[in-house]
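The values are calculated or read from the model by the stated rules, or taken from the named source; none is laboratory data. All figures in this text were calculated on a predicted structure; none of them were measured in a lab. Virtual Cβ from ideal backbone geometry, glycine too; neighbours counted across all protein chains shown. The protein model used for the area step is the full one, side chains on, heavy atoms only, and it has no ligands, DNA or RNA in it. Shrake-Rupley method; radii C 1.70, N 1.55, O 1.52, S 1.80 Å.
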Amino acid sequence: MTLNIHYANRVLEGEHLELTDKTAICWFGPNVTLRGCTLVTNISARWLHLVSGTLSDCSIQAKSELKTLSWAAMKVRGCRFKGRFSGNDFGFREDVDERWRAGGIEDCDFSEAVLNGCRFFNCDMRTIQLPRWPCFTFLDARRHATELARRAWPGSFDSVIRTVCDPPTGTVASAWHAPTIAKKSGTTVDELRAVLETAPGLFM
């Protein structure tokens with residue numbers, strides 16, 4: 001029998017929440033607020049449901065890689081992220097369902113995180129601290145699409161560039177991990193970096 005752990009309609013302050021039970025579904029929301037909490041995840045995204053609420057000044061630590069999770073329904077402010085995040089979306093979205101329009105992200109620190117294929121939506125990236133190399137981030141890639149397409153990208157990385165330059169509505173940035181994406185693209189980190197260093201709109 002699957003256990004449901006529900007955090008809803010309440011405020012948690014200074015709590016340490018460790019999500020480690022791979023047989024339990026964890027729900028955050030509706031209307032949950034975490035202030036100054038530590039949230040440690042060691043479960044897959046399919047066991048973690050972000051319904052609605054606010055995460056303020058929290059530490060969010062992924063003990064195992066957290067893949068393909070949308071944070072769009074949550075307001076995330078002043079939080080620090082650590083660990084590996086793959087295919088996560090941060091910030092509210094207007095192009096999906098109404099629930100995903102309620103969230104947002106600001107003043108958050110990802111400098112100690114590893115991000116790969118993670119996107120940021122409808123937010124001011126000047127308030128976001130991004131991880132440096134070997135992570136790299138395309139900022140406002142649609143505006144730089146023509147110049148990015150002109151470059152001779154190594155391996156099959158040009159397919160990533162096509163995706164980056166034609167993102168969903170509201171995308172303001174996408175972050176990648178060089179060793180991970182270089183391996184998938186059939187190239188090396190050094191070959192990839194050589195071209196990235198000449199690309200516009202890039203943070204690394």
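Summary table below
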{"read-out": "Given (1) open to solvent by less than 60 Å² (accessible area, probe 1.4 Å); (2) farther than 18 Å from Leu66 by Cβ; (3) free of Cβ contacts under 8 Å to residues at least 24 places away in the same chain; (4) under 16 Å from the mean Cα position of the chain (by Cα), index of the condition Leu139 fails", "value": "(3)"}
{"read-out": "Subset of the range 8-25 (residues that are modelled with pLDDT of 95 or more and of a type outside the set (A, V, I, L, M))", "value": "Asn9, Arg10, Glu13, Gly14, Glu15, His16"}
{"read-out": "Selection count where residues are open to solvent by 30 Å² or more (accessible area, probe 1.4 Å) and either under 24 Å from Leu130 (Cα atoms) or of a type in the set (Val, Ile, Thr) (or both), scope the range 88-99", "value": "3"}
{"read-out": "Counted residues, the range 21-47 - those being in contact (Cβ under 8 Å) with a residue 24 or more places away in the chain and either open to solvent by less than 50 Å² (accessible area, probe 1.4 Å) or among the hydroxyl-bearing types (Ser, Thr, Tyr) (or both)", "value": "12"}
{"read-out": "Residue selected from the range 146-204 under the condition among the polar types (S, T, N, Q) and in contact with a Pro (Cβ under 8 Å, 6 or more places away or on another chain), by the criterion surrounded by the fewest Cβ atoms within 10 Å (Cβ to Cβ)", "value": "Thr188"}
